């Protein structure tokens, strides 16, 4: 559950914070703005002045990557959805990005999936063989 | 012009060109030698079948103490044919880098073989492995060489100065106490595309500020030394200019050994990136130690973020305080939590290195590992604990504090033959402790499987776990059913 969104930038900026297209808060001329999030799921828009700023964003104190958090940066605002399983989605996007990187570089061989991604690796067959051996 | 062929051998990773060869090639070029490089590790990986590679790997890590004659012959044949092809004109030296004790067996095979040949070059051998003992004979590498006189130039410890002495008949400008006096490494001759990542290794320091009981770094570098922050940043810039590399992997045992120098490095690199947009893609990763807040305040993590720290590999080893205390890790549960919170705040991913079945690990300590996997799983979901590695259970490595006379006596450490381990004689995974009699190899493997299952269940990415499980299976097969 994301409860708080924090935006930070070196130069001062102003924000209009909207949840499901309804203005919930305004915050003016600061380098750091904090907004409390209502119930999830929610569609969030944060209009930013001046335009074209890309502030750092933290969800509950976690500095997030725009791509992994599925944040669309428009010139005048940031737009994103926060589903209830936001963290699951963030994790899936990390794994997807790693796989895509390996694929793009032609290195998506099983060995590399093991070395760099390393998920869903129960290896039940080997585990069972080991268990049998140490009985 | 004089020339040298620099070679590296298994066991080493396949991720990037070997750091040691980069360093030594830098020295050779700085001393006006023509150089050629040959990564025999990479070459063998490409040339051997998966089964042969696994056999070689098991041999390198002492799961087995021999390999088949067929594989031995194949390795030698490949070595000979490639060396003949790659030997530069006027080659006076063939250098072999023995990266660690995991290179000992294959180094011995090749060095013995080299001495059956009539060769135009002298053999130079160096690397961390040469200070170790062969596990099968218990003989030190150096004593073995003294007895057989195989190697013309055996380099023990830092390679730069002795290498320059050989090249320049004793005249050297380097100073071992001042790492900044060494030339920058050179990766000329490597095709970076042959490796899994386009990156180079970089060394900011040698040695460690800790003396963890399971570690042998102290034997190799008893004194912690580090380069100036300015020199490290300049080396990064030079590799960017020469090879277009933007990813740097520190070889240091820890990049935050000197907290003040590490902070300065991060600040300088962040400033350089801010000033020159060409450098903006530079990122780095490295091993570090977990430190309390008073040693690494929030501002240090902020500087790491702006400098481009993309991953820290941390030897947490155990989530149990008492196990870590015995290991002399010198950080608390609170420090782990602080570190994770700071990394979350600045989005710095971590690889946690863990040890399963440390000699003092009780069932309660093991349960603490299990419960903390659960406790920290949110950090894994956010990519802050990017990966966790539980290893192949605790090996006792010779000449480390855990195999000191005191610890062997206090813990009643015994080898598989039930004889007391005599300090520093071997590297073994099959040991028992009179002080912790339930923790035999069977129990360590059982705990390791539990940690594996819990980690997968909680969604922790675990790299190379298939290979680790395969090794554990090979270890389990050697268990006597009656034990």
Is there a residue in region A:107-126 that is on the phi > 0 side of the Ramachandran plot, over 13 Å from the mean Cα position of the chain (by Cα) and crowded, with 16+ Cβ neighbours inside 10 Å? yes
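State all residues of region B:192-217 that are in contact (Cβ under 8 Å) with a residue 12 or more places away in the chain and part of a helix (DSSP H, G or I); if no residue qualifies, say none.
Within region B:192-217, B:192, B:194, B:217 qualify.
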Residue within region A:9-24 that is closer than 22 Å to residue B:340 by Cα and either in a strand (DSSP E or B) or in contact with a strand residue (DSSP E or B) (Cβ under 6 Å, 6 or more places away or on another chain) (or both) present: no
Hits in region B:316-341 - residues which are in contact (Cβ under 8 Å) with a residue 60 or more places away in the chain, surrounded by fewer than 17 Cβ atoms within 10 Å (Cβ to Cβ) and either within 14 Å of chain A (Cβ to nearest Cβ) or within 23 Å of residue B:297 (Cβ to Cβ) (or both): B:330
In region B:173-202, the residues that are surrounded by fewer than 20 Cβ atoms within 10 Å (Cβ to Cβ) and closer than 30 Å to residue A:104 by Cβ: B:188, B:189, B:191, B:192, B:193, B:194, B:195, B:196, B:197, B:198
The one condition in (1) modelled with pLDDT of 95 or more; (2) surrounded by fewer than 22 Cβ atoms within 10 Å (Cβ to Cβ); (3) touching a helix residue (DSSP H, G or I) at 6+ places or on another chain (Cβ under 8 Å) that residue B:401 fails to fulfil: (1)
Filtering region B:435-447 down to residues that are surrounded by fewer than 21 Cβ atoms within 10 Å (Cβ to Cβ) and in contact (Cβ under 8 Å) with a residue 60 or more places away in the chain, which residue is nearest to the other protein chains (Cβ to nearest Cβ)? B:443
Can you tell me which of (1) away from chain A (no Cβ under 14 Å); (2) closer than 21 Å to residue A:56 by Cα; (3) part of a loop (DSSP other than H, G, I, E, B) is the one residue B:272 doesn't meet? (3)
Whichever residue in region B:460-473 is more than 7 Å from every other protein chain (Cβ to nearest Cβ) and crowded, with 18+ Cβ neighbours inside 10 Å and, among such residues, is nearest to the chain's Cα centre (by Cα): B:468
Would you confirm whether any residue within region B:291-305 is in contact (Cβ under 8 Å) with a residue 12 or more places away in the chain, part of a strand (DSSP E or B) and in the same structural domain as residue B:241 (by TED's automatic domain parsing)? no
Quick one: in region A:77-135, which of the residues that are in contact with a strand residue (DSSP E or B) (Cβ under 7 Å, 6 or more places away or on another chain) and either more than 9 Å from chain B (Cβ to nearest Cβ) or at pLDDT 90 or above (or both) is nearest to residue B:453 (Cα to Cα)? A:82
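One line per residue, one yes/no per condition, for (1) in contact with a helix residue (DSSP H, G or I) (Cβ under 9 Å, 6 or more places away or on another chain); (2) surrounded by fewer than 21 Cβ atoms within 10 Å (Cβ to Cβ):
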residue: B:345; (1), (2): yes, yes
residue: B:357; (1), (2): yes, no
residue: B:378; (1), (2): yes, yes
residue: B:406; (1), (2): no, yes
residue: B:429; (1), (2): yes, no
If you check residue B:57 against the conditions, is it more than 25 Å from residue B:156 (Cβ to Cβ), surrounded by fewer than 22 Cβ atoms within 10 Å (Cβ to Cβ) and at pLDDT 95 or above? no
What is the residue count in region B:377-394 for residues that are free of Cβ contacts under 8 Å to residues at least 40 places away in the same chain and either away from every other protein chain (no Cβ under 11 Å) or in contact with a strand residue (DSSP E or B) (Cβ under 6 Å, 6 or more places away or on another chain) (or both)? 2
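The values are calculated or read from the model by the stated rules, or taken from the named source; none is laboratory data. This structure is a prediction, so every number in the text was calculated from the model and none was measured. For neighbour counting, all protein chains shown are included, and Cβ atoms are generated from backbone atoms with ideal geometry for every residue, glycine included.
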